[in-house]
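Colleague: Please find one structure pasted underneath; my questions will follow.
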Amino acid sequence: MLRFSYSQLKSPQWRKKVANDLFSLLRKRVPELISEIVIVPNFLQKEVLSALDYYRSKGWKKGIVILPTGTGKTYLSAFDSLKAIGRILFIVHRLDILSQSKEAFERIYPNERLGLLTGEEKYSVENSKVLFASKDTLRNPNIMQSFKQSEFDYIIVDEVHHGQAPSYQSVLQYFNPNFFMLGLTATPDRMDRKDIFEIFDYQKVYEYSLNEAIENGFFSSLHLLRFNGQY
C-alpha cells in the first residue's frame, strides 16, 4: 500500500515522486495495467551518446561527462550501458540519490534483475544485471574483494567529483571494467583543488554548461536563495 497526502498531490515538487512510486508499484505488482512506455534519449543525451561511441572507437576505456543537474545524467548512463554485454555497476556517493537512480534504470531495464548493496540493504548482489552500490559499503575490503576485478563490463561513478577521496580511490583502482567506466558530475571543480580528471586519464567526453541548459529550455526558471543577507 502507498499512501500520499493531498498536499503532496498538489505540490509540483512531490508530484513527480508520487507518479514514480505509483509506476514502480504497478509495474512490479500488476504490469498488465501499464501499457508499454518507450523512453528515448533527448537531443542532449543523443549528442553525448554519440561522443561516447566516438571516443570508445578511439580506444578510450574511461571518460568523464559533465552535465548540469536536471539534464538527465542517470538516464544517459542507462542508455549507454545498454551497449555492454555483461554486468553493470552503478556507484553512488549518497544514499538519498540511490533510489532515484535505481528507478531510472528500472524503466530502461524493465525485464532485468536490479540489485542493491548498501550498509542497510543487500539483495541480488551476485545475480543482478545492474548492481547499485554505495561507495562506503563497496570499499570494505571483504566486500570489494568478493568481486572479481573484471566482474563488471560497465561501471558508472555518480558524483565523480568525489573521486579523489581516499574512500573512492581504493574502489576505482580495484575494478577493471571490460567495456567502459563512466564518471558523471555537474561540478568537476573540487574545493580542495584535487584533479578528478587525473583518475580518468584526462579524458573528458562531453561538457554542457548551465547557461547552455537554460538556453535550451531544461530549466523553466531559476530561484535565488538569500542566506545571511547574501544571494
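Colleague: Which of (1) within 10 Å of the chain's Cα centre (by Cα); (2) buried (at least 19 other Cβ atoms within 10 Å of the Cβ); (3) on the phi < 0 side of the Ramachandran plot does residue 159 not meet, given it meets every other one?
Modeller: Status for residue 159: all satisfied but (3).
Colleague: Oh, and also: Quick check, is residue 75 in the same structural domain as residue 202 (by TED's automatic domain parsing) and crowded, with 19+ Cβ neighbours inside 10 Å?
Modeller: yes
Colleague: List pairs: first residue in the range 115-133 and without any contact (Cβ under 8 Å) to a residue 24 or more places away in the chain, second residue among the hydroxyl-bearing types (Ser, Thr, Tyr) anywhere in the structure, Cβ distance under 6 angstrom, at least six positions apart or on different chains.
Modeller: Every condition considered, the pairs that remain are 115/124; 115/128; 116/123; 118/134; 118/137; 119/137.
Colleague: Got a sec? Which helices (runs of 4 or more DSSP H) wholly within the range 1-76 have at least 1 residues that are modelled with pLDDT of 95 or more and more than 22 Å from residue 107 (Cα to Cα)?
Modeller: It comes to 43-57.
Colleague: Residue check: is residue 129 touching a Phe, Trp or Tyr at 6+ places or on another chain (Cβ under 9 Å), within 30 Å of residue 18 (Cβ to Cβ), of a type in the set (D, E, K, R) and modelled with pLDDT of 95 or more?
Modeller: Yes, satisfied.
Colleague: Filter the range 110-136 for residues that are crowded, with 18+ Cβ neighbours inside 10 Å and over 14 Å from residue 156 (Cα atoms); which is farthest from the chain's Cα centre (by Cα)?
Modeller: The residue in question is 128.
Colleague: Could you tell me whether the range 199-208 includes any residue that is assigned by TED's automatic domain parsing to the domain that holds residue 69, in contact with a helix residue (DSSP H, G or I) (Cβ under 6 Å, 6 or more places away or on another chain), at pLDDT 90 or above and among the aliphatic types (A, V, I, L, M)?
Modeller: The answer is yes; a qualifying residue exists.
The values are calculated or read from the model by the stated rules, or taken from the named source; none is laboratory data. Note that the structure is a prediction, hence the values are computed from the model and not measured. Neighbour counts are summed over all protein chains in view; Cβ atoms, including those assigned to glycine, are modelled from backbone coordinates with ideal geometry.
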